[in-house]
Amino acid sequence: MSTVKWLLERNMFESYEQEFVDAAQALGYELKLTPEIGFGYGWDDSRRAIQGLFPSESNVIFHGSIGMAEELRKHSIWNNTTFCNWENLDCAKYYCHFSSVLLNADYAMLPFGELSRRRDWVFDSFGVDDTVFIRPNSCRKSFTGQVAKRATFDGDLEMMGFYDVCVDALVLISQPKLVTTEWRLVVVDRKVVTGCLYKAHSALAPSRALPDDVVDWFNSNVLSIDWEPDRAWTADVCQTDDSRLWLLEIGSVSCSDLYASNKGDFIEAVSQLVGSRVA
C-alpha cells in the first residue's frame, strides 16, 4: 500500500465519485470520503469529523471544493497536498505568460464597481454587436464568465453581483467569441496525463474524446512556454468557429471537475508526483 493517501470530498463530484473511489482502490491507494455531518455545521465541526480519518503524519492528497481546500491548507491537519496556487491561477497573473495563445488576449481589467460608470468605454472598446464578455479575475469565480449586452447592462451587472461581488474586485473584459468545443486537460510535471471533451456548442457533453491534435497543439504552444502555475494543474483548450485552438483558462487539479477524464491516470500521476516529494 502506498504511503500517499487520498481524501475525496463527499457529494462534490457526484457524477464520478464512485468511479474515483474504485480507481484509487484498484491502484492500491487508501482513499476516504469526508463524513456526512449534515446541514448547519461550520468548518470546526467538519475538522473534528475528518481529522481522525488519517494519522497526523499522513501524506494526504485532497480533491474537492475550493472552500475545503483552503481550510485544509490553513489548518494543516495532516501533510496536506492541495494544488491550489490561487495567485498563479488569477487572470492577472497568468495572462501575461500565456497571452500569445489565450482566447481572450484582447482584454482589459477594471474593478467591478467601475463597470457601470465606464459603460460607454467598455462597449466602445470591446463591443461586438453591442455585447461584451466579462469574467472575474479571480479563479474562485464569484460569478460565471458571461456575455453582457449594452441594452440590459444594469440588469446584467446586478445578476453578476448577486453573490455580493466586492466593488473593488477585478474583472476581465474582452470581445465575445464563438466557441464550438472545449476540452479539459490535466497537466502533471509539464505533461498531459489525461483529459477529455467536456463541452460542445455551449452544452455539457463529457466524453473521453481527446484528439491528438489538441494535445499536440497544447504541447507545442502552451507547455513550450517557460512558466507554469503549479506542478499539477488543469487547462481548458477551446476551438472557435474558425477551427483555431486557444487556451481558454487554467485551474486547480485539487478543485477542478475532471468530467470524463481517466480517473486512474489522474490519481496515479498526482500520487507519483506527491510520492516523489515525500520519498
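Taken over the range 226-249, the residue count meeting the criterion of being of a type in the set (A, V, I, L, M) and touching a helix residue (DSSP H, G or I) at 6+ places or on another chain (Cβ under 6 Å) is 4. Among the residues in the range 198-208, are any within 25 Å of Val21 (Cβ to Cβ), free of Cβ contacts under 8 Å to residues at least 60 places away in the same chain and crowded, with 20+ Cβ neighbours inside 10 Å? No, the range 198-208 contains no residue that is within 25 Å of Val21 (Cβ to Cβ), free of Cβ contacts under 8 Å to residues at least 60 places away in the same chain and crowded, with 20+ Cβ neighbours inside 10 Å. Filtered by the rule that a residue be among the aliphatic types (A, V, I, L, M), open to solvent by 80 Å² or more (accessible area, probe 1.4 Å) and free of Cβ contacts under 8 Å to residues at least 40 places away in the same chain, the range 1-29 gives a lone residue, Met1.
The rows are residues; the columns are (1) within 20 Å of Pro229 (Cβ to Cβ); (2) part of a strand (DSSP E or B); (3) of a type outside the set (Phe, Trp, Tyr); (4) modelled with pLDDT of 95 or more.
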position: Glu158; (1), (2), (3), (4): no, no, yes, no
position: Phe162; (1), (2), (3), (4): no, no, no, no
position: Val167; (1), (2), (3), (4): no, no, yes, no
position: Glu182; (1), (2), (3), (4): yes, yes, yes, yes
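Residue pairs whose Cβ atoms lie under 6 Å apart, separated by 6 or more positions or on different chains, with the first residue in the range 215-226 and at pLDDT 95 or above and the second in a loop (DSSP other than H, G, I, E, B), are Leu223/Arg190. Among the residues of the range 55-96, the one identified as basic (Lys, Arg), free of Cβ contacts under 8 Å to residues at least 60 places away in the same chain and either closer than 17 Å to Ala232 by Cβ or buried (at least 16 other Cβ atoms within 10 Å of the Cβ) (or both) is Arg73. Between Leu245, Leu258, the distinction of being under 21 Å from Ser99 (Cβ atoms) and out of contact with any Leu (no Cβ under 9 Å at 6 or more places or on another chain) belongs to Leu245 only. Meeting the requirement of 3 or more residues that are at negative phi and under 26 Å from the mean Cα position of the chain (by Cα), the helices (runs of 4 or more DSSP H) wholly within the range 28-145 are 43-50, 66-75, 86-89, 91-98.
Of all the residues in the range 252-279, those that are touching a strand residue (DSSP E or B) at 6+ places or on another chain (Cβ under 6 Å) and closer than 19 Å to Leu7 by Cα number 15.
The values are calculated or read from the model by the stated rules, or taken from the named source; none is laboratory data. The structure displayed is predicted, hence computed values, not measured ones. Note that each Cβ is placed from the backbone with ideal geometry, even for glycine, and that neighbours are counted across all protein chains shown. What goes into the accessible areas is simple: the full protein's heavy atoms, side chains included, and nothing from ligands, DNA or RNA. Shrake-Rupley method; radii C 1.70, N 1.55, O 1.52, S 1.80 Å.
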